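Notes to accompany the following structure.
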Amino acid sequence: MLNVNGPITQEQIKSSLSKEGAEMLNETLVQELIYEVTDDNENSISIIKCLLEDKITDEEISEEIELRLNIVRKILYKLYDAGLASYKRSKDPETQWYTYSWKFETDKVIETITKEFEKNSREIEESLAYEEDNMFFSCINGCRYNFEEASEHNFICPECETTLEYQDNSPLITELKEKMS
């Protein structure tokens, strides 16, 4: 999963992604997103660099980086499915074959990373609220229950039948607050 929940703010994301073209591909968050989408850490970046250098057909890209055409197409279609690439189809009047002209959507990269950041921020906020609003009990095997669940089971773990003890969750609350700042 894209790691945008570290000590990074939305402003830092936007400023680091404001770079144009191939410079954007040097950013860790962009690389993580591309690798996650394509499942290919070897060829994805070089294919996108070709797109950014106006090699717009899959055949041109394949020739430029000396990679099999089916691999290039597979990666391009994964980028397309994720909204990170688009294409236009045109028909050759002589051969009647279709040619696909590809484009890397840099704006969608920024949008996708920003959405992931916002989603993770919401999840952290929700976790923090839950941790602050509840008292927890756990057994020696790590099973964890809030007060209501623990009292329903008479403070005996329903999974391993050991006694549930109060668990201080203040370190977790501190960690969540640090992630938010």
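Any read-out appearing in this document is the output of simple, stated calculations on the displayed coordinates, not a laboratory observation. Here the structure is a predicted model, which means the values were calculated and not measured. With ideal geometry, Cβ positions are generated from the backbone for all residues, glycine too; neighbour counts draw on all protein chains shown.
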*Return, ordered by residue number, the residues of the stretch 47-83 whose backbone nitrogen is under 17 Å from a label point located 7 Å along Cα→Cβ of Q31.*
47-50
_Relative contact order of the stretch 10-111, pairs being alpha-carbon contacts under 8 Å that are 6 or more residues apart, as %_ = 24 percent
*Around L164, which amide H atoms from residues at least 5 apart in sequence, or from another chain, sit under 5 Å from its own amide H, with H modelled in the peptide plane?*
I156, C157
*Ordered by residue, what ³J(HN,Hα) values in Hz, to whole numbers, does the stretch 148-157 give under the Karplus form 6.51 cos²θ - 1.76 cosθ + 1.60, where θ = phi - 60° and Gly and Pro are x?*
4, 5, 5, 5, 4, 9, 6, 6, 10, 5
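Just to confirm the filter: which chymotrypsin sites (Phe, Trp or Tyr not before Pro) across the stretch 26-120 are DSSP coil and have at most 16 other Cβ within 10 angstrom of their Cβ? Don't skip to the answer; put the middle values down first.
Working: sites: Y35, Y77, Y80, Y87, W97, Y98, Y100, W102, F104, F117; in loops: W97.
Qualifying residues, ordered by number: W97.
Using Cα pairs closer than 8 Å and at least 6 residues apart in sequence, work out the relative contact order for the chain, in percent.
Values: 199 pairs, mean separation 34.1, N = 181.
Relative contact order, the chain: 19 percent.
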*Label point distance in nm, S46-E64, each placed 7 Å from Cα along Cα→Cβ*: 1.3 nm
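Out of the stretch 93-128, which GluC sites (Glu not before Pro) are coil in DSSP terms and have no more than 14 other C-beta atoms within 10 Å? Could you put the intermediate results ahead of the total?
Values: sites: E94, E105, E111, E116, E118, E123, E125, E126; in loops: E94, E105.
Those satisfying the criteria are E94.
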_Expected-Rg normalisation [2.2 N^0.38 Å, Cα atoms] applied to the stretch 134-181_ = 1.28
*Divide by every residue of the chain the summed helix terms, -39500 (n - 2.57) for each DSSP H run of at least 4, and state the resulting mean residue ellipticity at 222 nm, rounded to the nearest 500 deg cm²/dmol.*
-16000 deg cm²/dmol
_Please give the charge dipole size of the stretch 10-111, origin at the Cα centre, charges +1 on K and R Cβ atoms and -1 on D and E Cβ atoms. Round to the nearest 20 debye._
320 debye
*So what's the Cα pair-distance distribution over the chain, bin width 10 Å, in %?*
9, 26, 21, 16, 14, 10, 4, 1, 0
*asked:* I'd like the distance separating the alpha-carbon centroids of the stretch 113-177 and the stretch 17-87, in whole Å.
replied: 41 Å
*Where a Cα-Cα gap under 19 Å defines reach, which lysines qualify for K55, not counting those fewer than 8 residues away within the same chain?*
K74, K78, K88, K91, K103
*Regarding the stretch 27-89, what are the three Cα extents along the principal axes, ordered largest first, in Å?*
28, 23, 20
